[in-house]
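Comments concern the structure below.
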There are 2 protein chains.
Amino acid sequence: MARGDKGEGQTGGIQSLDAALRLLGAMMERRGPASLSELARECRMPPSKVHRYLASFQHAGLVEQAGRSGKYDLGPGAVTLGLSALARHDFVNRASDALPDLCTESGLTALLSVWGNQGATVIRWERAASPTVTSMGLGTTLPLLNSATGRAFLAWAPPAPLRAIREAEMRHARKNPAIASDLVPTQRDIDKLVETIRAQGYASVEGRFIPGLVAIAAPILDWQGEAQAVATLIGTDPILVQPGSEAVTRLIAFCKELSFAPMTMADAK
Amino acid sequence: MARGDKGEGQTGGIQSLDAALRLLGAMMERRGPASLSELARECRMPPSKVHRYLASFQHAGLVEQAGRSGKYDLGPGAVTLGLSALARHDFVNRASDALPDLCTESGLTALLSVWGNQGATVIRWERAASPTVTSMGLGTTLPLLNSATGRAFLAWAPPAPLRAIREAEMRHARKNPAIASDLVPTQRDIDKLVETIRAQGYASVEGRFIPGLVAIAAPILDWQGEAQAVATLIGTDPILVQPGSEAVTRLIAFCKELSFAPMTMADAK
DNA sequence: AAAAGCATTGCATAATCTGGAAAATAACCT
DNA sequence: AGGTTATTTTCCAGATTATGCAATGCTTTT
């Protein structure tokens, strides 16, 4: 069971690194900080091993120890790494650059989100002289069913990555029916909602996620027609969500401009 | 030879992992894809070593190979990892959770604000036993020039969203010079004030906004170095605002803890 | 077409990681 | 507070595992 065993799992790489990355993956799956022993149990590794891996990750900034309690969590380096990786994709840069314009032209708060494994994650945030949400910041994850942003992902993102969160939110919605007042949490109703959103070209909510606020969201599509990111406008005037309103027009134009990057396949050289 | 050597670089972790993470750091610093040999040269490692590390990273999804030509770049897994980390560094929520501690430790009233459309907006409010305060509540907006909170935004928030309010307050201050006793409302003086605040690390006022009260405020910074939120301590004793006072120390530690500690995955050698 | 560059893979050596257990630390309960 | 449990962290010998050199395929250049 040793040397030339290419049976499985053999990546041609380094075993200890593979193990370390499994550990990192386990940390990623968790919602928050985890203790050493929890991680050790979850990865089926001896605690001493996990500890040494964590020490190296910590040294690199990928992991940090939350406030003296000895719990470990993903650190700033992980954010930096992710943003670097994100910056490799043109559409993110172009969208980020253009977002301020959208904000000033529409006079509304604009934000840009991408799909992470915890849901729709806000990566850019452009505040306008219009109603601003107070309890949200960069890095906030938005709900899939009850936010305009989430619904845009629901309608245009590939279904597979969404499924886990979609099901979780459906369960949650069944228990607290008050939350989603315009949505019966059944698969059928969701399909119908998706169809409506697609036909409209944008998603919207009125005061559902945050009372008193309305929002519209549209996708930035890649060459396969899947949402790579979602741009959202937030305001207070219910007029906003009306089809054909100035904000809707601007938002859709913005997203269309940024969709399917005009790159040629001939980047082979 | 290298056994008990704690002399340098020894993290208590795993050497091969440290090397691998140095490699990852090198990839991060590059703007785009890099060839194996380039990375090998840059990290001072033999190409074969780099190749095997990359194989493991690739297997984990952190790295991918661009179009068969053998160039390596950060992959989708890196984005996912970063977004997970981002979601945990939701500044506003973390700060909200920690605010009660700041309050009890300092024995002062603590509040947390973000920049809203109408100015610095109070979103959380933790009362101390002792003194208290006026008719302020959640959602109150604080002045930009005459409150410690506002001045912290002035010094650390991106200038664009502040401009409208700054100009309005400057106009107003010129008409009612009595209000801002320590500030001549000219652009030059404001620049000077900002500089002082930045150097100090916190902003303060003594009885300016509310007679008889003193306050100190420091920013919670995001990864762009911009203020995502501001934490403020309010008391009656003028000692508070002195540099080096216990309250100042606590407040700055609090904000530093919650701010995004910038960077650097790789340190040389 | 030949050559040069580059990524990829074997292989023996020894350096490195491993994992159990002890030491240090923190948390917990009475 | 004291005593006790449950963590996290460090230590150590052994052997698995990473390492670097050199050889092999590929692709690209002249």
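The values are calculated or read from the model by the stated rules, or taken from the named source; none is laboratory data. For clarity, every value in this text was computed on a predicted model and none was experimentally measured. In this analysis, Cβ positions are derived from the backbone assuming ideal geometry, glycine residues included, and neighbour counts consider all displayed protein chains. All accessible areas refer to the heavy atoms of the entire protein, side chains included, with ligands and DNA or RNA removed. Shrake-Rupley method; radii C 1.70, N 1.55, O 1.52, S 1.80 Å.
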Inset, instruction - For the range B:110-124, enumerate the residues that are farther than 18 Å from residue B:94 by Cα and part of a strand (DSSP E or B). - result: B:116, B:119, B:120
Inset, instruction - Return the total of residues in the range B:198-237 being of a type in the set (A, V, I, L, M, F, W, C), under 26 Å from residue A:136 (Cα atoms) and outside any strand (DSSP E or B). - result: 1
Legend entry - Failed criterion for residue A:79 (all others in (1) among the aliphatic types (A, V, I, L, M); (2) in a loop (DSSP other than H, G, I, E, B); (3) away from DNA strand C (no atom under 16 Å from the Cβ) hold): (2)
Inset, instruction - Report yes if some residue within the range B:170-187 is under 22 Å from residue B:115 (Cα atoms) and within 14 Å of chain A (Cβ to nearest Cβ); otherwise report no. - result: no
Legend entry - Residue, modelled with the lowest pLDDT, within the range B:100-130, restricted to residues that are open to solvent by 10 Å² or more (accessible area, probe 1.4 Å) and of a type in the set (S, T, N, Q): B:130
Inset, instruction - Might you let me know whether the range B:59-68 holds any residue that is within 21 Å of residue A:61 (Cα to Cα), within 15 Å of DNA strand D (Cβ to nearest atom) and touching a Leu at 6+ places or on another chain (Cβ under 9 Å)? - result: yes
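Looking at the range B:79-99, which of its residues are modelled with pLDDT of 85 or more and more than 7 Å from chain A (Cβ to nearest Cβ)?
Pass one, the range B:79-99, residues modelled with pLDDT of 85 or more: B:79-88, B:95, B:99.
B:95, B:99, listed by residue number.
Consider residue A:75 carefully, then state whether it is over 19 Å from residue A:121 (Cα atoms), open to solvent by less than 40 Å² (accessible area, probe 1.4 Å) and either modelled with pLDDT under 95 or more than 8 Å from every other protein chain (Cβ to nearest Cβ) (or both). Can you show your working first?
Values: over 19 Å from residue A:121 (Cα atoms): no; open to solvent by less than 40 Å² (accessible area, probe 1.4 Å): yes; either modelled with pLDDT under 95 or more than 8 Å from every other protein chain (Cβ to nearest Cβ) (or both): yes.
The answer is no for residue A:75.
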Legend entry - Of the criteria (1) open to solvent by less than 10 Å² (accessible area, probe 1.4 Å); (2) of a type in the set (A, V, I, L, M); (3) more than 8 Å from every other protein chain (Cβ to nearest Cβ), which one residue A:154 fails: (1)
Inset, instruction - Would you check which residues across the range A:31-46 are within 14 Å of chain B (Cβ to nearest Cβ), within 10 Å of DNA strand D (Cβ to nearest atom) and assigned to a helix (DSSP H, G or I) and list them? - result: A:36
Legend entry - Verdict on residue B:5 being closer than 29 Å to residue A:229 by Cα, within 14 Å of DNA strand C (Cβ to nearest atom) and either part of a strand (DSSP E or B) or at pLDDT below 85 (or both): no
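Would you point out the residue of the range A:46-55, among those that are more than 8 Å from DNA strand C (Cβ to nearest atom) and closer than 16 Å to residue B:15 by Cβ, that is least open to solvent (accessible area, probe 1.4 Å)?
Result: A:54.
For the range A:47-72: of the residues being of a type in the set (S, T, N, Q) and more than 7 Å from chain B (Cβ to nearest Cβ), which is farthest from residue A:22 (Cα to Cα)? Walk me through how you get there before you give the answer.
Step one: filter the range A:47-72 for residues of a type in the set (S, T, N, Q), giving A:48, A:56, A:58, A:65, A:69.
Now restrict to residues that are more than 7 Å from chain B (Cβ to nearest Cβ): A:48, A:58, A:65, A:69.
Details: A:48: 16, A:58: 16, A:65: 19, A:69: 24 Å.
In this case the residue turns out to be A:69.
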